[in-house]
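See below for the structure under consideration.
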Amino acid sequence: MRKIALLGSTGSIGTQTLQVIEEFKEDFEVVILSAHANSQLLLQQVSKYNPQIVILTEEKSYNIVKNALSGKQIKVLYGPEGILAALEEIQVDLVVGAISGAAGIKPTLKALELGIDVALANKETIVAAGALVRQIQEKTGARILPVDSEHSAIMQCLEQEKQAVAKIILTASGGPFRNYSKEELKKVTPQKALKHPNWDMGKKITIDSATLMNKGLEVIEAHWLFNVDYENIQVVIHPQSIIHSLVEYGDGSILAQLGLPDMRIPIQYALTYPKRRSNSFPKLDLTKINSLEFFPPDTEKFPSLKLAYEAGKIGYTMPCVLNASNEVAVELFLQEKISFIEIPMLVEWVLSKHVPVKNFDLETLMEVDLWARRESRAYKLAR
Ligand code: NDP
Ligand code: MG
């Protein structure tokens, strides 16, 4: 039985991870669960999986769960510190990082520091703290098994052959506004942006998919995970989301990974790696797909992708600022305080004010993250 700590168990990836675990019940034991505010769902999960420790990072929900579980053997911890303490307390075989946003940075780094492999969905950690992740991995040997479907696809394509890799090709659905004009983009509401054509995901990543920032974050994620220069990472719009990404080799061959747009497939691969196991999930029937299309991305209409490449190429603390300002911009858009097209404008504005810090530790990184959030909130006033 592999002991699993599932961080962000109440989210889209978290709940799908539990579905995968259900498929292979005899192989996995859930010992740690963490959630932010969804106490109801967490309590349901607790009664089903009987973990040893649960953590809530929102105070009211923590109190609810603490009361509900009083007298039980289960330890209930509070806050980001609680997650770190839980990881130190129980030895686990795998941490599943399914928290959304920069809140995932410290838990992910802690797991890697403890030498625990991480099945990582939380791309924001790699974007903001790629260099620190690398340093820690070199020290402890802990691995990251990507859950992000594109990076899972690339990992699978690289398994055949790691030599003569010429290029990584990341596919992007293009989001719901792929064919919108610039004028139409100005009027996009949160309600519209929250409907993704192919994937059912958390709010933040759904907005990121609509602005193409998600693909920008994934470019930086691919750079760190696979050690590939930005020049050799290409983004291709593929609206059907059937090909999850590709690797081009020097001889001109391109390997691709295909499947239904179902996150349980990459989640499972990260959980059972290096084994490929049969499951009962629906399978792709190629005869039902009439065509697979590919287009270049329009970075004029969707500048977020360009901003991510630029921040990634500059490196240092620039991607951390990109990530933090984007998180605030998405929040402000969801609160209808800025418009859809202002998301990249805000990010660009904050990036232009940042002087990258070349040598940084986790503390400095967190200060930069906070600075970027403050600046982002000042965007409206300054305009
Ligand atoms: P959700 O918003 O659905 O879930 C986020 C999870 O993190 C929830 O369990 C939530 O708790 C918890 N959480 C939220 N804020 C905090 C915080 N401040 N501290 C601790 N925990 C917190 O997101 P997704 O599952 O969609 O995404 C999770 C990660 O996976 C993201 O980084 C995303 O980019 C990545 N990813 C997601 C994909 C998808 O298909 N959904 C695909 C590829 C990558 P609660 O619910 O209790 O509030
Ligand atoms: Mg992805």
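The values are calculated or read from the model by the stated rules, or taken from the named source; none is laboratory data. Because the structure is a prediction, the values reported are computed rather than measured. Because the Cβ atoms are built from the backbone with ideal geometry, glycine has one as well, and the counts that use them run over all protein chains shown.
Please verify whether Ile116 is in contact with a Phe, Trp or Tyr (Cβ under 7 Å, 6 or more places away or on another chain) and hydrophobic (A, V, I, L, M, F, W, C), treating the condition exactly as stated.
No, not satisfied.
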Task: Evaluation of Tyr309 against (1) crowded, with 21+ Cβ neighbours inside 10 Å; (2) under 19 Å from the mean Cα position of the chain (by Cα) (one fails), failing number - done: (1)
Open item on the list: Looking at region 211-221, can you tell me whether even one residue there is within 20 Å of Asn326 (Cβ to Cβ), among the hydroxyl-bearing types (Ser, Thr, Tyr) and over 19 Å from the mean Cα position of the chain (by Cα)?
Closed with: no
TODO: Would you check which residues across region 336-362 are more than 22 Å from the chain's Cα centre (by Cα) and more than 17 Å from Pro319 (Cβ to Cβ) and list them?
DONE: Glu336, Lys337, Ile338, Ser339, Ile341, Glu342, Met345
Task: Hits in region 113-131 - residues which are away from ligand 2 (no atom under 16 Å from the Cβ), surrounded by 20 or more Cβ atoms within 10 Å (Cβ to Cβ) and assigned to a helix (DSSP H, G or I) - done: Ala128, Ala129
Task: Given (1) within 15 Å of ligand 2 (Cβ to nearest atom); (2) within 20 Å of Ile144 (Cβ to Cβ), index of the condition Asn227 fails - done: (1)
TODO: Could you run through region 343-381 and say how many residues are buried (at least 20 other Cβ atoms within 10 Å of the Cβ), closer than 20 Å to Arg134 by Cα and not aliphatic (A, V, I, L, M)?
DONE: 1
- [ ] For region 103-112, indicate whether the set of residues that are out of contact with any Lys or Arg (no Cβ under 7 Å at 6 or more places or on another chain) and within 16 Å of ligand 2 (Cβ to nearest atom) is non-empty.
- [x] yes
Open item on the list: Considering only region 161-173, I want to know if a residue exists there that is within 16 Å of ligand 1 (Cβ to nearest atom), touching a Ser or Thr at 6+ places or on another chain (Cβ under 9 Å) and farther than 19 Å from Tyr230 by Cβ.
Closed with: yes
Open item on the list: Looking at (1) over 16 Å from the mean Cα position of the chain (by Cα); (2) farther than 18 Å from Leu18 by Cα; (3) crowded, with 18+ Cβ neighbours inside 10 Å, which one does Ala103 not meet, given that it meets all the others?
Closed with: (1)
TODO: Name the single residue, out of those in region 137-173 being in a strand (DSSP E or B) and of a type outside the set (A, V, I, L, M), that is nearest to His238 (Cα to Cα).
DONE: Thr171
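Restricting to region 208-247, what's the tally of residues that are among the small types (Gly, Ala, Ser) and either assigned to a strand (DSSP E or B) or free of Cβ contacts under 8 Å to residues at least 40 places away in the same chain (or both)? Reasoning before the result, please.
So the first thing to find is which residues in region 208-247 are among the small types (Gly, Ala, Ser), and the list is 209-210, 216, 222, 241, 245.
Keeping just the survivors that are either assigned to a strand (DSSP E or B) or free of Cβ contacts under 8 Å to residues at least 40 places away in the same chain (or both) gives 209, 245.
Residues flagged as among the small types (Gly, Ala, Ser) and either assigned to a strand (DSSP E or B) or free of Cβ contacts under 8 Å to residues at least 40 places away in the same chain (or both) within region 208-247 amount to 2.
Is it the case that Lys204 is of a type in the set (D, E, K, R), buried (at least 16 other Cβ atoms within 10 Å of the Cβ), within 19 Å of the chain's Cα centre (by Cα) and modelled with pLDDT of 95 or more?
Considered against the rule, which asks whether it is of a type in the set (D, E, K, R), buried (at least 16 other Cβ atoms within 10 Å of the Cβ), within 19 Å of the chain's Cα centre (by Cα) and modelled with pLDDT of 95 or more, Lys204 comes out as yes.
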Open item on the list: away from ligand 2 (no atom under 16 Å from the Cβ) and closer than 20 Å to Thr211 by Cα: which single residue out of Gln191, Gln135 fits that description?
Closed with: Gln191
Open item on the list: Consider region 96-112. How many of its residues are part of a helix (DSSP H, G or I) and either within 23 Å of Met263 (Cα to Cα) or in contact with a Gly (Cβ under 7 Å, 6 or more places away or on another chain) (or both)?
Closed with: 7
